[in-house]
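What follows is a single structure, written as structure tokens, with notes after it.
The values are calculated or read from the model by the stated rules, or taken from the named source; none is laboratory data. Please read all numbers here as calculations on a predicted model, not as lab measurements. Note: ideal-geometry Cβ built from the backbone for every residue, glycine included; neighbour counts use all protein chains shown.
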Amino acid sequence: MRILIADDHSLFRDGLRHVLSGLDGQLEILEAGSLPEALSTLEAEDPFDLVILDLAMPGMIGPASLAEVRRLVTDAPVVVISASEDSQDIRAALEAGAAGYIPKSVRGNVMLQALQLVITGSVYIRPSGTEFQARANLIRTDDGFSARIRALLTDRQMDVLRLLAEGKPNKEIARQLNLAEGTVRVHVNAVLKALSARNRTEAALAARTAGLS
């Protein structure tokens, strides 16, 4: 497994290397201390299986920089590990394509479990007391959660949710399902209401985590 750690603090990178040693299999870990260095490494090296990114390292300009990384890493999850636990930062990172958001304050074993979760294709968000996190508790990874989603939605709504999880706009969903765009809007609103999701992003995260995408 090839992993890129992009963080400007060498001590933290060393600690993260120790955490990553708990992953199964042979690891090849590369490091970068800035966004330009990370982008250069991603462009020059063979494909990575996981990218771990600090939002505050030199060269980062918020979600736009994360989206730039995401464009270079199409087949591997990008995880944000940040000192910030602000709900707006979490939301912005997820909307820019992050597969997880891990605060640097968590213990090593929690960080390892979060990374294992992401590697399997799920999304990790640390539970907390913020409004966003309270709603994000909808996102779980057990089979029961997937069953609950299926119980809440009709077959057609499930089809819509799967396409939402792929990032499809209403027009494309309508084309693929041979529906009127107005009908798709009705289904999307029903999905959001059933999942207690405030927007398409939260619904898509729920679907991806439940393995429905």
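Values as computed for the structure displayed
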| item | result |
| --- | --- |
| Which numbered condition residue 142 misses (of (1) among the charged types (D, E, K, R); (2) at pLDDT 80 or above; (3) over 24 Å from residue 7 (Cα atoms)) | (2) |
| Long-range neighbours under 6 Å by Cβ, at least six apart or interchain, first residue free of Cβ contacts under 8 Å to residues at least 40 places away in the same chain within the stretch 59-87, second surrounded by fewer than 16 Cβ atoms within 10 Å (Cβ to Cβ) | 59/36 |
| Among the residues listed as 56, 44, 98, 32, the single one being without any contact (Cβ under 8 Å) to a residue 24 or more places away in the chain and of a type outside the set (D, E, K, R) | 44 |
| Residue 58 vs. criteria in the same structural domain as residue 121 (by TED's automatic domain parsing) and either in a helix (DSSP H, G or I) or under 21 Å from the mean Cα position of the chain (by Cα) (or both) | no |
| Residues satisfying the stated conditions in the stretch 102-125, i.e. assigned to a helix (DSSP H, G or I), touching a strand residue (DSSP E or B) at 6+ places or on another chain (Cβ under 7 Å) and in contact (Cβ under 8 Å) with a residue 60 or more places away in the chain | 111, 115, 118, 119 |
| Filter result (in a loop (DSSP other than H, G, I, E, B) and either touching a residue at least 60 places away in the same chain (Cβ under 8 Å) or in contact with a Gly (Cβ under 6 Å, 6 or more places away or on another chain) (or both)) within the stretch 153-212 | 196, 197, 198, 210, 211, 212 |
| Pick from the stretch 33-55, criterion over 18 Å from the mean Cα position of the chain (by Cα) and assigned to a loop (DSSP other than H, G, I, E, B), ranking: surrounded by the most Cβ atoms within 10 Å (Cβ to Cβ) | 33 |
